[in-house]
């Protein structure tokens, strides 16, 4: 019991924080108790060794990274501001709706049917375009034929009413 | 300017607390990132170093609790901390080196709260009042934690030295 009480006082004893009376009590106990004296010696060793731990230099790489932290922070904040801008809310809402529709399409049970009908529509559209292209070709041909005829008729017109001979 | 003045201090606190050089580098980066975010919360009437070290302490203890460092190994003492002693007594130098190695590893056996108090008081050499301000605790509580920490480390020293000397 005495040892327990003394052991609690060893730390303030080391720090020199005991009253003269308490210090005298500890000193008296230490002179007669080998265990407590050994503990004091270990405590002193521990505090002396911990105090002597050297400071470690951080690597130059770390210092360079730390200098870059404010820029990193700015970048990060900018991206957050960008996302929470009120003017972008309709765009983000539209994107969210599209995402929901897309996820229904991707993970819903009708993906194959949708794919098939979209495929059919694409083919139909493609063949319509081909037909239009062919029509456009024939229109171009008839236009060029008309233009040629027109040029020939222009050549045949005699503005002075004279005979060619 | 903040980097020049405080990077070494923050890095050493993180290293002494975590025991891993690599981990301390990552933690220091995270802490500086957090520091720049929280600078506008700093009250100019308060001591900046104490405010910064409180932020460091909170972050380290928070990360410690989340990631359970105590299960990890600390770096070998000689890897980064070995300092050549200036005494003329090789035997006592050797003994001193052995004690440091034991204590460095022994820090892992302390709870995070006691370890933080020991790092600040014993390794960083701060006064009890400064430690109390950083930890946000009464001085009496800090003294009690440091007393417990010292006793645990003394016990570890006793046990390990006994093994080393074959006692």
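Summarise the partner chain shielding of B:14-21 as one whole number: the mean count of Cβ atoms from other chains within 10 Å of each residue's Cβ.
On the way: counts 1, 4, 4, 0, 0, 0, 0, 4.
Mean partner-chain Cβ count within 10 Å for B:14-21: 2.
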Looking at chain A as a GNM with Cα springs under 10 Å, which of A:43, A:92, A:62 has the largest mean-square fluctuation?
A:43
Note: the protein assembly as shown at 25 °C, 0.890 mPa s; Kirkwood Rh on alpha carbon pairs; Stokes-Einstein D in µm²/s works out to 91 µm²/s
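Give me a single rounded figure for A:56-62: the average over its residues of other chain Cβ atoms within 10 Å of their Cβ. Provide the component values of the computation, followed by the final result.
On the way: counts 12, 4, 12, 3, 0, 1, 10.
Across A:56-62, the average partner-chain Cβ count within 10 Å equals 6.
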In the Gaussian network model of chain A, springs joining C-alpha atoms below 10 Å, which of A:65, A:23, A:116 carries the largest mean-square fluctuation?
A:23
Where does segment A:4-71 land on the Kirkwood hydrodynamic radius, alpha-carbon pairs, in angstrom?
15.0 Å
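Arranged from highest to lowest average of other beta-carbon atoms within 10 Å per residue, in what order do the peptides A:24-31, B:90-97, B:37-44 appear? If you can, show how the numbers build up before the last one.
Numbers: A:24-31: 14.5, B:90-97: 12.8, B:37-44: 9.9.
Result, highest mean Cβ count within 10 Å first: A:24-31, B:90-97, B:37-44.
Given a cut-off of under 8 Å on Cα pairs at least six residues apart, what relative contact order in percent is computed for chain B? Write down the numbers at each step before the final one.
On the way: 115 pairs, mean separation 38.3, N = 167.
So the answer I get is 23 percent.
Over all residues in B:115-121, what is the mean tally of Cβ atoms on other chains that come within 10 Å of each residue's Cβ? Intermediate results must be reported in sequence, preceding the final value.
Values: counts 0, 0, 0, 3, 2, 0, 4.
Taking all residues of B:115-121 together, the mean is 1.
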With viscosity set to 0.692 mPa s at 37 °C, what whole-number translational diffusion coefficient in µm²/s follows for segment B:1-159 from Stokes-Einstein and a Kirkwood radius over Cα pairs?
197 µm²/s
If a paramagnetic tag sat 7 Å from the Cα of residue B:45 along the Cα-Cβ line, which residues of segment B:127-141 would have the backbone N under 14 Å from that point?
none
Could you work out how far apart the two model spin labels at residue B:139 and residue A:2 are, taking each label as a point 7 Å from the Cα in the direction of the beta carbon, and quote it in nm?
3.1 nm
Over chain A: Rg over Rh, Cα atoms, Kirkwood Rh:
1.70
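Ranking request for peptides B:26-36, A:105-115: highest mean number of other beta-carbon atoms within 10 Å first, then the rest in descending order.
Values: B:26-36: 20.1, A:105-115: 10.1.
Highest-to-lowest ranking by the protection proxy: B:26-36, A:105-115.
How large is the helix-only mean residue ellipticity at 222 nm for chain A, computed as the sum of -39500 (n - 2.57) over DSSP H runs with n ≥ 4, divided by its residue count, in deg cm²/dmol to the nearest 500?
Working: 7 runs with 132 residues, N = 165.
Only helices count here, giving -27500 deg cm²/dmol.
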When the chain is fully extended, how far beyond the present Cα-Cα distance does residue A:15 get from residue A:117, taking 0.36 nm per residue of separation?
28.1 nm
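Taking R0 as 41 Å, what's the FRET efficiency between residue A:87 and residue B:61 from their Cβ-Cβ distance, rounded to 0.05? Walk me through the intermediate numbers first.
Working: r = 42 Å, r/R0 = 1.02.
In this case the efficiency is close to 0.45.
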Suppose we take every Cα in segment B:75-151 and form the convex hull; what volume per residue is that in Å³?
106 Å³
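Once every DSSP H run of n ≥ 4 in chain B is given -39500 (n - 2.57) and the sum is divided by its residues, what mean residue ellipticity at 222 nm do you get, rounded to the nearest 500 deg cm²/dmol?
Details: 8 runs with 117 residues, N = 167.
Rounded to the nearest 500, the figure is -23000 deg cm²/dmol.
Any read-out appearing in this document is the output of simple, stated calculations on the displayed coordinates, not a laboratory observation. None of these values were measured; they are calculated from a predicted model. For neighbour counting, all protein chains shown are included, and Cβ atoms are generated from backbone atoms with ideal geometry for every residue, glycine included.
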